[in-house]
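Nothing in this text is a laboratory measurement; each read-out follows from the coordinates by a stated rule. Predicted model only: the values in this text are computed from it and were never measured. Cβ sites come from the backbone with ideal geometry, for glycine too, and all protein chains shown count toward neighbours.
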Amino acid sequence: MLLPCKGRKLDLSRPQVMGILNVTPDSFSDGNRFRQKEAALRHAERLCTDGATLLDIGGESTRPGAADVSVQEEMDRVLPVVEAVLAELDVMVSVDTSKPEVIGAACRAGIHMVNDIRALRLPGALAAVAADPEVLVCLMHMQGDPQTMQIAPHYGDILAEVHDFLLARTQDCVAAGIRRERLLLDPGYGFGKTLEQNYRLLGQQARLLALGYPLLIGVSRKSMIGNLLDRPVNERLAGSLAAALFAAQAGARIIRVHDVKETCDALRVFGYAQECSTQ
């Protein structure tokens, strides 16, 4: 599967790795390390060298309990880095944002994807994406919002509810003029879900393929890894790789991670073993 975007084609015939570049002071994993443009650009270069096909640049932390930031502050954090990466590196760029103003400015700067944890539900977000006929958009499931999402999340049937939410959002996007081939879906691991709910969803993830859209997943270093293994953030690599490989086997086409090199290596071994198993 090839997704055309801004004169490029994203090859989803095999899982691709999306490198995380947070330019926030309060990210749960690497907060404040890459707030300066030069530091962010050097890290972006490393992620590309390590094998990232896409870079996901975020200017607002979405960890549980994270505070909102203003539109202007998010733009000031994100846009200089976006412009620098697009100018200096041969890589597709995604912006992790929900704000329509940031979406519009980032699209005008030339980004390839909008990665929205709120699935374009903020007023004006749908129109901002629809205004750019080439940008891709990933719609994520979240119960609640970052301030409240981990306060006793509840589901009757988590897979059915995530499925129905994502189906409704894709229908709204198509009705707004966004072509189906521009859409990707994210089950939203860690966003309004308990430990058991996260793993139940991961275990049944392949059933979301029936929606007919590529899946983008993010499990890297998350609490669903740390709480299961009783590991701090900096000791979650092995668990993150295991979850990423399971998700890839269950149909994920883009894996969003902090540890790009290690994930690329794991996927390469996994993919080669799959190829050999059919020979």
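When only C-alpha pairs under 8 Å and at least 6 residues apart count, what is the relative contact order of the chain, in percent?
Reported relative contact order: 18 percent.
Which percent of the Cα-Cα distances in the chain go past 34 Å?
I get 11 percent for the Cα pairs in the chain exceeding 34 Å.
Tell me, what HN-Hα J-couplings in whole Hz come from the Karplus equation 6.51 cos²θ - 1.76 cosθ + 1.60 at θ = phi - 60° for each residue of the range 134-151, using x for Gly and Pro?
Once θ is set to phi - 60°, the couplings for the range 134-151 become 10, 6, 7, 9, 9, 9, 10, 7, 8, 8, x, 9, x, 6, 10, 4, 9, 8 Hz.
What lysines sit close enough to LYS37 to cross-link, taking a C-alpha to C-alpha distance under 16 Å and skipping anything fewer than 8 places away on the same chain?
Within the straight-line limit of under 16 Å, LYS37 reaches no lysines at all.
Which value at 222 nm does the chain reach when only helices count, each DSSP H run of 4 or more adding -39,500 (n - 2.57), with the total divided by all residues and rounded to the nearest 500 deg cm²/dmol?
Helix contribution divided over all residues of the chain: -12500 deg cm²/dmol.
For VAL269, VAL85, what's the fewest-to-most ordering of other Cβ within 10 Å of each Cβ?
VAL269, VAL85
Residues with beta-carbon under 15 Å from that of LEU136, excluding LEU136: net charge, scoring Lys, Arg +1 and Asp, Glu -1?
The answer is +1.
Listing TYR272, TYR199, TYR213 from the residue with the fewest other Cβ atoms within 10 Å to the one with the most, what is the order?
TYR272, TYR199, TYR213
Where nothing but the Cβ of Lys and Arg (+1) and of Asp and Glu (-1) is charged, how large is the charge dipole of the chain around its Cα centre, in debye to the nearest 20?
420 debye
On a straight-distance basis, which lysines could pair with LYS193 in a cross-link, Cα separation under 24 angstrom, same-chain partners fewer than 8 positions away excluded?
In chain and number order, the partners are LYS99, LYS222.
How would SER70, SER223, SER61 line up from fewest to most surrounding beta-carbon atoms within 10 angstrom?
SER70, SER223, SER61
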